[in-house]
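Before any comments, here is the structure.
A short reminder: the numbers here are calculations on the coordinates, not readings from a lab. Note that the coordinates shown come from a computational prediction; the quantities given were computed from them, not determined experimentally. Using ideal geometry, Cβ is built from the backbone for each residue, glycine included, and neighbour counts are taken over all protein chains shown.
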Amino acid sequence: MAASAASTVAAAATMAALTLHRFSKSNSSFRTLPRLTCSLSSSSSPPLKFNISFAPPKPKPKPNPGPGTDPEDDDAGPDQFLVPWIVRGEDGNLKLQTQPPARLLNAIATAETGSKKKTKKSEKEVKATTTSPPQRSKAARRFYNENFRDPGTRLSKVLAASGVASRRSCEELIFEGKVTVNGSVCNTPQTRVDPAKDVIYVNGSRLPKRLPHKVYLALNKPKGYICSSGENESKSVVSLCDDFLKTWGKNHPGVPTPRLFTVGRLDVATTGLIIVTNDGDFAQKLSHPSSNLTKEYIATVEGSVYKRHLIAISEGTTIDDVHCVPDSVELLPRLPDVQRSRLRIVVHDGRKHEVRELVKCAGLEIYSLKRVRIGGFKLPSDLGIGKYVELNPENLKALGWKS
C-alpha cells in the first residue's frame with residue numbers, strides 16, 4: 001500500500017509541475033513559484049512528506065532591438081524552458097533540481113576521457129606500423145647490383161670523359177691491352193663500367209672515381225686557328241681555353257681536368273662562334289644533320305653584288321654529290337667604314353665549306369667569313385676575338401639541348 005501511495009504522490013507532483021509551468025508561460029510576470037508541500041496520511045503508516053521547490057528561470061539575454069522595436073519591451077521572445085531532474089537526496093527524500101545529477105556528469109566525463117586515451121593509443125599503433133623498409137643482406141644487395149642495377153657506361157666513353165684521350169684513341173688503348181678493369185685486362189671498348197665502383201687502370205695509372213663536370217663554352221674564334229685538338233697543333237682553338245683548364249683544380253678539387261674539343265669545325269680562315277665542350281653526346285646532337293640547327297654567316301665579298309648573284313646563291317650548289325640549298329640569302333646595307341658588300345647567308349646542312357662553295361658558284365669571291373649564330377644562340381656582341389664565355393641552361397636550350 002505504501003508503494004501505491006508513493007506512486008500516487010509522484011503522479012500528483014508531476015501534474016503540479018506541468019500546471020505550474022503552463023501557468024508560468026501564460027503569465028509572463030510570474031517569476032517566483034511558492035514552495036509546495038505534499039503530504040499523505042494513512043492510518044497504517046506514518047505520513048510521507050515531499051518538499052518540492054522550483055528554481056526561478058535564468059534571465060535570457062535580450063536580443064539587439066531592430067528598427068521599430070521598443071527597447072523597453074521586456075517580454076520580447078519566449079520564456080526559458082527548464083528541464084526538471086527528480087533525484088533522491090542523501091536524506092532519502094525525492095527532490096527536483098535544474099542541474100543533472102553529479103553521478104551522470106562524472107560518467108560523461110569518464111566516457112570522454114576514455115575515448116581520448118583510446119584515440120591516442122590508436123595513433124601510436126598506426127605510427128608503430130609505419131616503419132622504414134627492412135635492410136637487405138649483403139648477399140641480396142650483391143645479387144641486385146649484379147642483375148638489376150644500371151649497366152653503366154661504355155669503357156671507351158668513360159676514358160674519353162676522364163680526359164685520357166679522344167674516343168678513337170681510347171679504343172686503340174683498349175685494343176692494345178693497356179686498360180685493366182678490376183685487375184683483368186679488358187680488350188672490349190663496349191664493356192659497361194662504373195668508375196665509382198670499378199677499379200680502372202690506364203697505362204698503370206688509376207682512373208679517378210669522379211668524372212669531370214660537363215663544360216660548355218662559346219668562343220669567338222680568331223683567324224688562323226684550327227679546330228683540331230691534337231697535341232702537336234700550336235694554334236688550336238682549344239689552346240685559347242688554357243687559362244680555364246689551369247684554374248680547374250682550384251675550383252674543382254679532386255676532379256680530373258676535362259678534355260675539351262670543339263663541336264663541329266670552322267676552317268682556318270673563318271672566324272666567329274664555335275662551341276667548346278667535353279660532352280660527347282651534346283656535340284653529336286648539335287653536329288648531326290637531324291638536329292636541323294640553322295647557322296648564320298656574314299660573308300664579306302669582293303666587288304659589287306647584283307640580283308643575279310643572289311638568285312644564283314639561293315638556287316644552291318652540289319657538294320659531295322648532295323645538292324645544298326641555303327635557307328635564306330640577304331644583301332646587307334653597306335657600312336660607311338667598309339667598302340665591300342656583305343651577305344647574310346643562313347644554312348642548315350653544315351657541309352664542309354658550304355657557304356664558300358655557294359658564293360663561289362655565284363661568281364663572287366669571299367674576302368672574310370664569320371659565323372654569328374647557331375640555332376637560337378647568337379654570338380655576344382661584347383665577346384672579344386679569342387675570348388670565351390660559359391653557357392647557361394637558357395643558352396643550351398636555345399641550342400636545342402634539353403638534357
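Given Cα pairs under 8 Å that are at least 6 residues apart, what percent is the relative contact order of segment 281-394?
Rounded, it is 35 percent for segment 281-394.
Find the all-direction average of the projected area of the Cα convex hull for segment 294-367, expressing the result in square nanometres with one decimal place.
4.5 nm²
List the residues, sorted by chain then number, that are 5 or more residues from residue 199 or on another chain and whose placed amide H is less than 5 Å from its amide H.
Long-range HN contacts for residue 199: 182.
How many angstrom lie between the Cα centre of segment 335-389 and the Cα centre of segment 258-323?
So the two Cα centres are separated by 8 Å.
How many nm separate the modelled label positions at residue 361 and residue 143, each set 7 Å beyond the Cα in the direction of the Cβ?
6.5 nm
Please list, in order along segment 211-216, the HN-Hα scalar couplings obtained from phi with the Karplus expression 6.51 cos²θ - 1.76 cosθ + 1.60 (θ = phi - 60°), rounded to whole Hz, x for Gly and Pro.
7, x, 5, 6, 10, 9
With the cut-off at 25 Å, tell me which of the pairs 223/402; 178/246; 197/397; 178/209; 235/387; 378/402 have Cα atoms farther apart than that.
Going by Cα-Cα distance, 223/402; 178/246; 197/397 fall outside the 25 Å limit.
Which three extents, in angstrom, do the Cα atoms of segment 222-299 have along their principal axes, listed largest first?
42, 29, 20
Rounded to the nearest 0.05, what FRET efficiency do residue 323 and residue 169 give with R0 = 45 Å and r taken as the Cβ-Cβ distance? Could you check?
Rounded to the nearest 0.05, the efficiency is 0.80.
Could you give the length gained by full extension between residue 287 and residue 210, i.e. 0.36 nm per residue of separation minus their alpha carbon distance, to one decimal place?
Extra length available between residue 287 and residue 210 comes to 25.0 nm.
Got a sec? Charge dipole of segment 202-334, +1 on Cβ for Lys and Arg, -1 for Asp and Glu; which of 289, 226, 278 is way out at the positive end?
278
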